Amino acid sequence: MNGIANYFIVFVVFISTFSCKEKEMKETLSKKPKDIVLDEVYRPEFHFTPKKNWMNDPNGMFYLDGNYHLFFQHYPDSAVWGPMHWGHAVSKDLVSWEELEIALYPDSLGYIFSGSAVIDTSNTSGFGKDGQTPVVAIFTYHNMDAEKAGAPVYQSQGLAYSLDGGKKWTKYENNPVLKSPGLKDFRDPKVIWDEKRQQWVMTLATYEKTMFYASKDLKSWTFLSDFGKNYGAHGGVWECPDLFPIKVEGAEEEKWVLLQSLNPGGANGGSGTQYFVGDFDGKKFVLDPKFEMQLKSGPQWVDFGRDNYAGVTWSGIPEKDGRRIFIGWMSNWDYANQVPTNTWRSALTLARTLNLRKTDKGYKLFSMPVQEIEKYYGKTIDKKDLSVKDETVLLQRAEIDLNAAFIDLDLAGMKNERYELRFYNNLNEYISLVIDNEKQIFSFDRTHAGITGFSEKFANTVSVAPFEDRYEKLNIKIWLDKASIEIFIDEGDYVMTEIFFMNAPIDTFSLKTWKEIEINSLVARPIKIK
């Protein structure tokens, strides 16, 4: 079935399912082109999307004067990837976003690829004037003409600064500030202030390793060291790194975490983000010995789903807050240009708090959505002490709108069995999460989730996350938002994020088991922003 026919089915089913909105939707259809209306079926309720056209990596995030600033890779003239700009949005709470004017445009040096932004409180750069504190963006220039001409080097690093808190930007007149040392892939600078050594540290991605540079003024950079050639996953190009210190939860100990995305080579195909734990002495990043042992069992992934890529963290979060806040691009380069929305393309994940915990086996990075999402919750549905056998319906549309919802499930009395959580619609399309205690894997399946034919790589496999110890009890938290699901297992020990495109809204949530299981608690809440 072709894409147009699929969109027509989406529209017809959407209208019939939401009969109470039929008049409103018909009025909208009469005012706007049909493809815009159809695309809105999939536009998230509580995730950031651009108003129109293409978006990929989050960039340059910083917090200042009560506002969380988010920049993103953006092509304003098409819904497929093209000349990269920095789009811009702001939020008071990391959930409800206002899109602003484009911050950075391409110029003669190239497209504006990914990077970061810092608040230069001491005006080390000298960009500040009349007591104004500069915000400095550090980004990659990608010279497409040079790449097409076959030049061996076509990426460099540039600066721009803002003196009004991030609204208007001026590019540094002496760009680029860092040229490639002969490497084709040399990009995505993530800069932090290293308080202990009183220096700026830039973490930069190359094809198969991360490079570190230092500066006193953000303009002149000195090479420090590199890391990673023989560690972690190497199925594709390394991109979008992030290095930061983090306190070990419940201890006084501090470690350094390096996030490192790569494409392809992710945990379940295509794009993915791995992490490393170690120490940084101002020059070198060295793996913690226990974590190095952990890597012998395989790469350590931030997310086992297929749709969380290029995620990095905010700068400027106040010390009294203390969180390390992360956000990722909710798509995958395997199919990002083909997903079935024509007027806007892709969303970002929920903002998440990262925590590092020390276990018997070493260090583990946990993540959970920021608590600010809770203020958008609606009326609570609370069910307790349920016994389930075979397939049991837990929630239906008559109780809650499952297309923009939070679900918190506590399972107990689990055996050496297989348990399936399923979300499906009235066309019998579904997505499912399986907890297989016998094989010791979590798996997420979207192969039956409606529109999948736009790419042969979209639904060609089931995503899998292996676990080591069988569960007797388990907590699962789920955020559903029309065309995406974010699953956090055991308080963020395992995370799976995936997108999907059903031909009708989800209306039923069930649990299927082959032996009786107890649900200690099921809490569900609708979520609404607008």
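Things worth noting here:
- Rounded tilt (10° steps) of 3-17 against the dominant C-alpha axis of the chain: 60
- Going from the fewest other Cβ atoms within 10 Å to the most, the residues T359, T49 appear in the order T359, T49.
- Projected label points at W81 and N230, each 7 Å from Cα along the beta carbon direction, are separated by 3.2 nanometres.
- Folded to 0 to 90 degrees: helix 22-31 orientation relative to the chain principal axis, Cα: 40
- The residues R418, R324, when put in order of fewest to most other Cβ atoms within 10 Å, stand as R418, R324.
- Förster-model FRET efficiency, 22 Å R0, D410 and W514, C-beta, rounded to 0.05: 0.65
- Rounded if a/c under 1.5, otherwise prolate or oblate - the range 128-211, Cα gyration tensor axes: oblate
- Cα-Cα over 22 Å, subset of K255/K283; K247/K320; K167/K528; K415/K439; K389/K473: K167/K528
- Once the mean of 1/r is taken over each pair of separate Cα atoms and inverted, the range 377-526 shows a Kirkwood hydrodynamic radius of 15.6 Å.
- Approximating the spin labels as points 7 Å out from Cα along Cα→Cβ, the E195-to-D65 distance works out to 2.4 nm.
- Highest mean packing comes first when the peptides 458-468, 378-388 are listed by Cβ atoms within 10 Å, giving 458-468, 378-388.
- Listed by chain and number, the aspartates and glutamates whose C-alpha is less than 12 Å from the C-alpha of K482, apart from same-chain residues fewer than 8 away, are D39, E40, E45, D401, E498, D507.
- Protection proxy ranking of 116-124, 309-317, by the mean of other Cβ atoms within 10 Å over each peptide's residues and highest first, is 309-317, 116-124.
- Spatially proximal aspartates and glutamates relative to K184 (Cα-Cα < 12 Å; intrachain offsets below 8 disregarded): E147, E208
- Förster radius 41 Å - calculated FRET efficiency between M293 and K168, Cβ distance, rounded to 0.05: 0.25
- Remark: E101, E45, E239 ranked as E101, E45, E239, counting other beta-carbon atoms within 10 Å and listing the fewest first.
- Nearest-0.05 FRET efficiency for M144 and K320, computed from C-beta distance (R0 51 Å): 0.70
- Label-point separation in nm, R397 to E417, each point 7 Å along Cα→Cβ: 3.0
Any read-out appearing in this document is the output of simple, stated calculations on the displayed coordinates, not a laboratory observation. Note that the structure is a prediction, hence the values are computed from the model and not measured. Backbone-built Cβ (ideal geometry, glycine too); neighbour counts: all protein chains shown.
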